[in-house]
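J.: The structure that follows is given in the form of structure tokens.
Values in this text are rule-based calculations from the coordinates and carry no lab data. In this text, all values refer to a predicted model and were calculated from it rather than measured experimentally. All Cβ positions, glycine included, derive from the backbone under ideal geometry; neighbour counts span all protein chains shown.
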């Protein structure tokens, strides 16, 4: 009887952990935080490229229509996927001029889910592996 309880308890705990982990994975990979009905395009100068999991982050600075400096950030896919698309940690460097298009975050309009990125050479950088 004691072995049966232990087995049932282990199975229940395992099922609960799997259920919680799958929910977190779905929430993490969803676009719910971004307004996918809007597309914003911003030009600016890279301040930092954070090339680490789970998503590569690009930070840049621009001036708004009043000439006031604004800080922006954008989220790309995982570094291993960008590696396969031809990126590395030096693809963008501080000072590089970029044009970023993406969906704005619903709670922070200066955060984008990057859908297109024009690099300093004027070419569209691949965001996904072929």
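J.: Note down all Cβ pairs under 6 Å where the first residue falls in segment 105-130 and is more than 22 Å from residue 31 (Cβ to Cβ), the second is part of a loop (DSSP other than H, G, I, E, B), and they're at least six residues apart or on different chains.
T.: Cβ pairs passing all conditions: 119/125; 120/96.
J.: From the set of residues in segment 48-59 that are surrounded by 14 or more Cβ atoms within 10 Å (Cβ to Cβ) and assigned to a loop (DSSP other than H, G, I, E, B), which is farthest from the chain's Cα centre (by Cα)?
T.: 51
J.: Let me ask you something else. Restricting to segment 107-127, name every residue that is under 24 Å from residue 69 (Cα atoms) and exposed (fewer than 13 other Cβ atoms within 10 Å of the Cβ). Steps first, answer last, please.
T.: Narrowing segment 107-127 to residues under 24 Å from residue 69 (Cα atoms): 107-122.
If the condition is that a residue be under 24 Å from residue 69 (Cα atoms) and exposed (fewer than 13 other Cβ atoms within 10 Å of the Cβ), then 107, 108, 109, 121, 122 are the ones that fit.
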